[in-house]
Amino acid sequence: MSSALNALKIRRKKNVKKGIQFCLMVCGASGTGRTTFVNTLCGKQVLEGKDADDAANAHLEEGVRIKPVTVDIAELELDDEGTRISLTIVDTPGFGDQIDNEARHVDLAYKQQRFGEIVGYLERQYDDILAEESRIKRNPRFRDNRVHVLLYFITPTGHGLRELDIELMKRLSPRVNVIPVIGKADSLTPAELAESKKLIMEDIEHYRIPVYNFPYDIEEDDEDTVEENAELRGLMPFAIVGSEDFVEIDDRKVRARQYPWGVVEVENPRHSDFLAIRSALLHSHLADLKEITHDFLYENYRTEKLSKSVDGASQSGHDSSMNPEDLASQSVRLKEEQLRREEEKLREIEIKVQREIAEKRQELLARESQLREIEARMQREQQSQGNVNEAANGEA
Ligand SMILES: Nc1nc2c(ncn2[C@@H]2O[C@H](COP(=O)(O)OP(=O)(O)OP(=O)(O)O)[C@@H](O)[C@H]2O)c(=O)[nH]1
Ligand SMILES: [Mg+2]
């Protein structure tokens with residue numbers, strides 16, 4: 001008992017040491033500043049630049065190219081208590097511009113492959129949990145690698161979404177919390193940026209892309225939450241500026257991009273939404289993103305997967321954008337269905353066993369009567385033999 005308690009305490013301690021686990025994926029076209037953003041967010045070089053990642057991984061099979069990297073960002077002191085976060089970053093291969101230009105005919109296969117890799121990665125993490133959950137003996141070293149949020153980097157074109165963005169975001173959002181961001185936002189003027197943000201949000205609404213939009217309920221949530229979430233929603237898509245360099249401003253070294261005409265400060269809210277997205281991801285909305293991943297996105301995937309295995313074709317094509325109530329009732333229905341099937345199976349077994357018992361009893365009865373018959377015959381034979389002997393004796 002006490003050793004179990006100790007083990008529990010040690011585990012707790014380890015968890016505190018390791019910090020809260022959180023997993024972020026970045027995705028988008030090549031050169032939109034994903035790597036730079038990740039390194040800016042973590043305050044250190046977590047991901048290597050283009051040359052290293054492309055050359056080294058070019059020969060690997062697809063799927064293997066998506067590799068998570070875990071970094072401890074305890075030193076960032078994200079709130080008063082100094083929360084430690086064990087942050088896992090998943091970078092995805094950037095897609096090139098050939099998609100927009102001449103290569104339209106090779107597009108489809110290329111796109112399917114790229115999209116498949118990313119969606120496949122997300123689903124594999126769910127599969128791993130699903131398998132772990134159904135083990136009798138849990139693997140103590142199992143690591144939950146589900147992705148809690150995906151930052152989708154939109155190219156700073158000044159326009160709305162491209163066809164590719166729409167398609168990919170639509171495919172990703174049933175599996176992960178997607179937050180749209182504009183990469184290298186300093187390449188747009190403030191007016192262009194504002195216009196582009198507006199167009200992108202119109203596209204997201206028009207194409208009904210279920211991005212993570214900092215959900216709130218005016219009646220249920222407290223005033224601060226409503227205000228904070230509305231503010232964050234208003235910033236979408238977040239304007240990202242990242243930099244590996246520091247510039248000295250008023251005796252302070254700040255992360256910034258130095259241009260001949262001036263300095264763009266990463267953490268200046270007038271220059272970028274970096275601080276807002278960082279604090280939403282690592283502080284205010286971390287728990288919500290994890291909860292939605294577990295309670296809704298994973299649950300949704302699980303239901304789909306189980307319903308497929310319960311009765312193949314009839315369930316497979318259902319809409320993954322169902323609302324939570326529908327999903328919950330679907331999940332209950334599925335469980336009932338499974339129970340019913342199991343009961344039916346049990347009943348069948350029972351009937352079979354009873355039939356077998358009845359057959360055996362019949363057989364026994366038949367054997368008994370056979371035995372009785374044999375006995376009677378033997379008796380008769382003995383008797384007639386006795387009679388013959390008596391007669392013979394009489395004659396003699
Ligand atoms: N203007 C501007 N340039 C940026 C910003 N972030 C990165 N860059 C530059 O854009 C180029 C590409 O940046 P990366 O961070 O490597 O972009 P990526 O999306 O990881 O690119 P790939 O991995 O090659 O697909 C580099 O030259 C960066 O210095 C930014 O916020 N603003
Ligand atoms: Mg990169």
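The values are calculated or read from the model by the stated rules, or taken from the named source; none is laboratory data. This one's a predicted model, so the numbers in the text were calculated from it and none came from an experiment. Cβ: placed from backbone, ideal geometry, glycine included. Neighbour counts: every protein chain shown.
Within the stretch 140-155, how many residues are at pLDDT 95 or above, over 19 Å from Ala287 (Cβ atoms) and away from ligand 2 (no atom under 16 Å from the Cβ)?
0
Residue check, Val310 against (1) under 23 Å from Arg124 (Cβ atoms); (2) modelled with pLDDT under 65, all met but one. Which one?
Condition (2) is where Val310 drops out.
Hey, among the residues in the stretch 242-272 that are out of contact with any Lys or Arg (no Cβ under 6 Å at 6 or more places or on another chain) and within 16 Å of ligand 2 (Cβ to nearest atom), which one's modelled with the highest pLDDT?
Restricting attention to the stretch 242-272, the residues satisfying the condition of being out of contact with any Lys or Arg (no Cβ under 6 Å at 6 or more places or on another chain) are 242, 244-245, 247-263, 265, 267-272.
This time we only want the ones that are within 16 Å of ligand 2 (Cβ to nearest atom), so: 242, 244.
Numbers: Gly242: 95, Glu244: 92.
Among residues in the stretch 242-272 that are out of contact with any Lys or Arg (no Cβ under 6 Å at 6 or more places or on another chain) and within 16 Å of ligand 2 (Cβ to nearest atom), the one modelled with the highest pLDDT is Gly242.
Does at least one position in the stretch 91-102 carry a residue that is surrounded by 12 or more Cβ atoms within 10 Å (Cβ to Cβ), under 21 Å from Leu289 (Cα atoms) and either within 16 Å of ligand 1 (Cβ to nearest atom) or at pLDDT below 85 (or both)?
Yes, because at least one residue in the stretch 91-102 is surrounded by 12 or more Cβ atoms within 10 Å (Cβ to Cβ), under 21 Å from Leu289 (Cα atoms) and either within 16 Å of ligand 1 (Cβ to nearest atom) or at pLDDT below 85 (or both).
Can you tell me how many residues in the stretch 114-151 are in contact (Cβ under 8 Å) with a residue 24 or more places away in the chain, among the hydrophobic types (A, V, I, L, M, F, W, C) and not in a helix (DSSP H, G or I)?
Looking only at that region, the number is 4.
Residues in the stretch 45-56: is at least one surrounded by 15 or more Cβ atoms within 10 Å (Cβ to Cβ), assigned by TED's automatic domain parsing to the domain that holds Gly242, within 16 Å of ligand 2 (Cβ to nearest atom) and at pLDDT below 80?
Looking only at the stretch 45-56, we keep the residues that are surrounded by 15 or more Cβ atoms within 10 Å (Cβ to Cβ), and these are 46-47, 53.
Retained after the next criterion (residues that are assigned by TED's automatic domain parsing to the domain that holds Gly242): 46-47, 53.
After this cut, where a residue has to be within 16 Å of ligand 2 (Cβ to nearest atom) as well, the list is 46-47, 53.
Narrowing the set further to residues that are at pLDDT below 80 leaves 53.
The answer is yes; a qualifying residue exists.
Is it fair to say Glu117 is at pLDDT below 85 and not β-branched (Val, Ile, Thr)?
No.
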